[in-house]
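Nothing in this text is a laboratory measurement; each read-out follows from the coordinates by a stated rule. What you see is a predicted model; the values in this text were computed from it and never measured. When we count neighbours, we look across all protein chains shown, and the Cβ atoms used for this are built from the backbone with ideal geometry, even at glycine.
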Amino acid sequence: MNFRGSMCALATPFRGWKVDADALERLVEYQIENGTSGLIPCGTTGESATLTHAEHHEVIALTVKFAHKRVPVIAGTGSNSTAEAISLTQAAKEWGADAALLITPYYNKPMQDGLYAHYKAVADAVAIPQVLYNVPARTAVSISPETVARLSGHPNIVAIKEASGSMDYVSQLRSLCDLTILSGNDNLTLPLMGLGAEGAISVLANVAPRHCSDMMAAVDRNDWNTARAIHYKTFALTEALFCETNPIPVKAALAMMGIMNGDIRLPLTPIGEKNSTRIRSELLALGLLKS
């Protein structure tokens, strides 16, 4: 499969304490209609930390069903337990996911040798394309460029979602190996494309998928003026979507747009009034919400 373009880290719709399948289908259709090139259920934006295993499987299976092979589905299957990561990745493969996204093990803070052994164990155990996910702000550990380079020779490890926020990291990584790099920070997607990233796994794409896909298309045809214009146009919304812990703001935005009701699970709480007003203003400015 081709890991390029604007891919969406899907928010998980809830209605009460259950997954809202109808809202998830609306979100998937909205993405595909607006040029999104891949769907990522059960990532951080999908509140994977508060999904039960049964819900994890349900959301992946529903996303695969609703996508209907029109775009690839890259299921979030990471864990700080290697055995659990293997189990979740195997289940995602069985449910029809095209690839898996695996966050670095959180909380237990493994050393680089431990990170290498963890990812190698999952890649050895499950024959499905796998995307490494580096997000030290969430996990308290960063997978070094050297460790990524060691893992890049494994046939099942095909890309990395890089969300450290470091431009130097991407430069170092690209100098060591040619593993596909995907931006994991919407505010840095365009600069990272200039350094050789081939796409993004985006939060912004939940609410502005056409803007995101158009920016990627502009880069592909080497039209950097258009790409920069879209980046600047959407930058205020990008900032607003991270004014509180993700996915609180993006679920509030999707609720304003009528795609889902915005229910969020504890320990996350609904967005504050001031930030809600800010998000509404930015959605209106981009024409994503009718006044």
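Remarks
- Cross-link pairs Lys65/Lys93; Lys120/Lys161; Lys69/Lys93; Lys18/Lys274; Lys251/Lys290 - those with Cα-Cα distance over 20 Å: Lys18/Lys274
- Unit charges on C-beta of K, R, D, E only; dipole of the chain, Debye: 320
- For Ser171, Ser202, Ser213, Ser87, order by how many other beta-carbon atoms lie within 10 Å, fewest first: Ser171, Ser87, Ser213, Ser202
- Percent of beta bridges antiparallel (DSSP, segment 5-227, rounded to nearest 5): 5
- For segment 79-100 and segment 241-291, distance of Cα centres in Å: 30
- Put the Cα centre of segment 1-60 next to the Cα centre of segment 182-205 and the gap is 19 Å.
- Summing charges over all other residues whose Cβ lies under 15 Å from the Cβ of Asp168, with Lys and Arg as +1 and Asp and Glu as -1, gives -1.
- Other residues whose C-beta falls under 14 angstrom from the C-beta of Tyr106 contribute a net charge of +1, scoring Lys and Arg +1 and Asp and Glu -1.
- Kirkwood hydrodynamic radius of the chain, from inverse mean 1/r over distinct Cα pairs, in Å: 18.9
- Net charge over other residues, Cβ less than 15 angstrom from the Cβ of Ala23 (K, R count +1; D, E count -1): -2
- Applying the Karplus relation 6.51 cos²θ - 1.76 cosθ + 1.60 with θ = phi - 60° to segment 258-267 yields 3J(HN,Hα) values of x, 8, 8, 8, x, 4, 9, 9, 4, x Hz, where x marks Gly and Pro.
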